[in-house]
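Undergrad: Pasting a structure here, questions to come.
Nothing in this text is a laboratory measurement; each read-out follows from the coordinates by a stated rule. In this text the structure is predicted, and so the values were computed from the model without any measurement. We place every Cβ from the backbone using ideal geometry, glycine too, and count neighbours over all the protein chains shown.
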Amino acid sequence: MKKIVCAIMTLAMLISFSAVNAATPKSSPEESVLAYAEMYALGTSKNLAATGIPKDMTDAIEKDVTSHLMTAFMNYPLTKNNFQTVKEKYFAKLNEIIKISVRPKKADAVNPIVEITATKVDQEVADKIKADDANFLTMDVMNHLSTAEELAADGQYQSLAINSIGKVINGLTATAPKTYDVTCEIVTDDGGNSYWKPTNIQGLFDFVMIDFAIKEVDPQIIDGMIATVFSTETEVKKESQNNQ
């Protein structure tokens with residue numbers, strides 16, 4: 001998924017601009033880097049005008065980023081309504097804990113450098129919350145005994161999922177902030193308008209991309225547990241029959 005999103009974004013950036021005969025942009029390099037970073041991390045930004053990216057492309061990027069972020073919950077099939085509930089809660093939490101800031105580091109008329117500071121979702125904290133919630137183990141077992149369609153129609157499963165996933169989201173915290181240097185260049189669109197653009201789109205995307213997941217227990221462990229339970233039940237039945 002990550003490679004697909006990156007390829008789409010990189011291609012979109014490459015076909016949108018040309019670096020030939022560029023004039024001085026109206027927006028600063030910092031405004032542009034912040035817009036790119038927020039767009040890549042959360043799908044949108046209030047500063048998109050600083051990038052000059054056409055709306056149809058920013059809409060496509062937002063859709064791709066949103067889809068990528070929601071793969072965090074792919075191990076737990078949800079109904080359409082429950083998925084929407086989780087999505088709204090998750091994005092509200094992300095906007096609360098993900099902090100992105102920029103500052104000029106090197107002034108240059110051709111290739112200025114902007115320092116960006118950003119946080120990400122702390123995966124270890126999420127893993128700890130999940131490990132402490134026995135309902136997830138129940139759901140992991142149910143995942144191996146039922147199809148996604150059956151689980152989507154199972155009221156008990158949906159109740160466990162929406163409550164336990166909600167607890168994880170509520171408990172999410174951010175990692176310590178890290179910094180990254182972004183070199184910029186001037187580019188122009190087809191209308192002759194100039195903008196600042198990171199020279200290494202892939203590097204910036206990798207730096208801010210949120211890669212978080214509620215991980216299912218190792219499938220082999222679950223299969224072993226299920227096999228043990230069935231084996232034990234079989235032995236109990238045999239013993240009961242022998243005693244009759």
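Undergrad: Work through the residues other than ASN170 whose Cβ is under 10 Å from its Cβ and net out their charges, Lys, Arg +1 and Asp, Glu -1.
TA: +3
Undergrad: Taking Cα pairs under 8 Å and at least six residues apart, what relative contact order does segment 2-226 come out at, in percent?
TA: It rounds to 32 percent for segment 2-226.
Undergrad: If you count, for each residue, the other Cβ atoms within 10 Å and average over each peptide, how do 24-33, 181-190, 143-152 line up from highest to lowest?
TA: Details: 24-33: 20.0, 181-190: 18.3, 143-152: 13.7.
Highest mean packing first, the order is 24-33, 181-190, 143-152.
Undergrad: Using a Förster radius of 30 Å, what is the FRET efficiency between ASP59 and ALA213 based on their Cβ-Cβ separation? Nearest 0.05, please.
TA: 0.75
Undergrad: What net charge do the residues around ASP181 carry, taking every other residue with its C-beta under 9 Å from that of ASP181, with Lys and Arg at +1 and Asp and Glu at -1?
TA: +1
Undergrad: Let me ask something else about it. Aspartates and glutamates within cross-link reach of LYS26: Cα-Cα under 16 Å, excluding same-chain residues under 8 positions apart?
TA: Leaving aside aspartates and glutamates fewer than 8 places away in the same chain, those within reach of LYS26 are ASP108, GLU185, ASP189.
Undergrad: Take SER28 and THR179, extend 7 Å from each Cα along the Cα→Cβ direction, and tell me the distance between the two endpoints in nm.
TA: Distance between the two pseudo-spin positions: 1.6 nm.
Undergrad: By the scheme Lys and Arg +1, Asp and Glu -1, what is the net charge of all other residues having a beta-carbon under 11 Å from that of LYS197?
TA: Local net charge: -2.
Undergrad: At a threshold of 8 angstrom on Cα-Cα distance, excluding pairs fewer than six apart, so keeping six or more, what relative contact order does segment 28-128 reach in percent?
TA: On the way: 95 pairs, mean separation 27.3, N = 101.
Rounded, it is 27 percent for segment 28-128.
Undergrad: Set the bar at 30 Å for Cα to Cα. Now go through LYS46/LYS130; LYS46/LYS215; LYS46/LYS120 and name every pair that lies beyond it.
TA: LYS46/LYS130; LYS46/LYS215
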